[in-house]
1. If I ask for residues that are β-branched (Val, Ile, Thr), assigned to a helix (DSSP H, G or I) and touching a helix residue (DSSP H, G or I) at 6+ places or on another chain (Cβ under 6 Å), which ones from segment 178-206 would you list?
2. Name the single residue that is modelled with the highest pLDDT among those in segment 5-35 being open to solvent by 20 Å² or more (accessible area, probe 1.4 Å) and closer than 29 Å to ASP252 by Cα.
3. From SER218, SER245, SER225, SER182, which residue is open to solvent by less than 60 Å² (accessible area, probe 1.4 Å), farther than 30 Å from ALA284 by Cβ and either at pLDDT 95 or above or of a type in the set (Ser, Thr, Tyr) (or both)?
4. So, in segment 53-67, exactly how many residues are buried (at least 17 other Cβ atoms within 10 Å of the Cβ) and either of a type in the set (Val, Ile, Thr) or in contact with a strand residue (DSSP E or B) (Cβ under 7 Å, 6 or more places away or on another chain) (or both)?
5. Mind telling me which of the residues ASP252, ASP239 ends up being acidic (Asp, Glu), open to solvent by 10 Å² or more (accessible area, probe 1.4 Å) and either modelled with pLDDT of 80 or more or part of a helix (DSSP H, G or I) (or both)?
6. Is it the case that segment 275-298 has a residue that's touching a His at 6+ places or on another chain (Cβ under 7 Å), assigned to a helix (DSSP H, G or I) and open to solvent by less than 30 Å² (accessible area, probe 1.4 Å)?
7. Can you pull out every residue in segment 276-291 that is at pLDDT 85 or above and not aromatic (Phe, Trp, Tyr)?
8. Kindly indicate whether any position in segment 151-170 is modelled with pLDDT under 85, open to solvent by 80 Å² or more (accessible area, probe 1.4 Å) and under 21 Å from PRO227 (Cα atoms).
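The values are calculated or read from the model by the stated rules, or taken from the named source; none is laboratory data. Everything numeric in this text was worked out from a predicted model, so none of it was measured. Note: ideal-geometry Cβ built from the backbone for every residue, glycine included; neighbour counts use all protein chains shown. In case anyone asks, the SASA skips ligands and DNA or RNA and just uses the protein heavy atoms, side chains included. Shrake-Rupley method; radii C 1.70, N 1.55, O 1.52, S 1.80 Å.
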Amino acid sequence: MKLEKNQSIIASLLGSTVSGVFEIGLFHPLDTTAKRLMNNKENVNFTNVKQVVLRDHHHKGWVRGLPSLYPGLGFATSYKITQRIYKYTGQNVLKNYLLNNHKTKFENFFGEKNGKVMISAVSGSLIGIGEIALLPLDILKIKSQVNPEALSNKGIVELIKKEKFNLYAGWRWTALRNAPGSFTLFGASTFFKSKIFGLDINDRATLFQHFVTSSLASTSCILVSSPMDVIKTRIQAQDFGKAESGVKIIKDMLRKEGPGSFFKGVVPKIGSIGPKLTFSFTIAQYLIDYFNVMLKKQ
């Protein structure tokens with residue numbers, strides 16, 4: 001069933017919101033685990049992994065210590081739902097704009113099928129760069145996960161007034177991570193839908209088709225963006241006002257930890273963030289299609 005190019009913005013908003021809510025509820029502990037592993041500067045093994053992940057609650061064991069993996073849930077909820085609405089709705093709107101106004105240019109340059117893949121990829125990349133506007137919420141979420149002392153006894157309004165542009169720490173590295181990451185996520189999804197299932201860019205996919213292509217696209221996205229994500233996380237996890245630059249962090253990582261440190265946490269990211277991104281991407285795309293059909297029936 002072919003969808004019209006101008007999908008309903010309301011359908012995109014509904015699908016993205018539901019996706020973000022479910023993602024937070026199910027995957028926030030895994031996100032906290034990945035962030036703490038990325039920010040840890042020592043070698044992690046079976047003897048100390050519990051202490052790194054559960055921190056002061058490691059003596060309670062994995063089951064009783066599970067609540068400690070839900071820090072900053074308010075920041076996380078605000079950030080993740082806002083991000084998913086912006087990312088999935090924004091990419092959908094920009095993609096359809098490019099399809100309606102610049103499809104011929106893309107197809108002439110990249111070919112008919114590759115042109116549509118590039119439209120998805122470029123629209124995703126541009127939207128990904130724009131995510132730096134949401135950095136304050138992301139930074140507060142990360143600090144609550146890996147450096148909660150920086151937020152102790154401080155309200156969000158007080159933090160915003162006091163820190164101002166410090167809440168945009170690492171914005172360059174965030175843009176450098178998001179540009180190729182979102183390019184890969186949306187481009188790979190469209191590419192795999194075409195190659196594996198023979199679907200056009202605006203064909204309605206089944207839930208299974210969304211799941212398969214989202215899984216492949218999410219894994220590709222994580223691998224491409226991992227080095228920049230590690231740098232971004234370490235910048236944002238610092239105490240407020242600490243100005244250790246990304247370049248210095250890179251030099252220290254290469255000197256003290258080696259090149260492999262840029263992929264620290266990549267295994268738990270693929271095992272945790274991968275399913276989370278796959279889940280949210282699958283649900284968002286499926287529900288956007290679903291709500292779009294339902295709204296048209298009305």
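1. Applying the first criterion (β-branched (Val, Ile, Thr)) to segment 178-206 yields 184, 190, 196, 201, 206.
Those still in the list that are assigned to a helix (DSSP H, G or I) too: 184, 190, 196.
Matches in segment 178-206: THR184, THR190.
2. It comes out as THR33.
3. SER245
4. Final tally of qualifying residues: 1.
5. Values: ASP239 fails: either modelled with pLDDT of 80 or more or part of a helix (DSSP H, G or I) (or both).
None of the other options fit; the residue is ASP252.
6. Among the residues of segment 275-298, at least one is touching a His at 6+ places or on another chain (Cβ under 7 Å), assigned to a helix (DSSP H, G or I) and open to solvent by less than 30 Å² (accessible area, probe 1.4 Å), which makes the answer yes.
7. First, pick out the residues of segment 276-291 that are at pLDDT 85 or above: 277-291.
Correct list: LEU277, THR278, SER280, THR282, ILE283, ALA284, GLN285, LEU287, ILE288, ASP289.
8. The answer is no; no qualifying residue exists.
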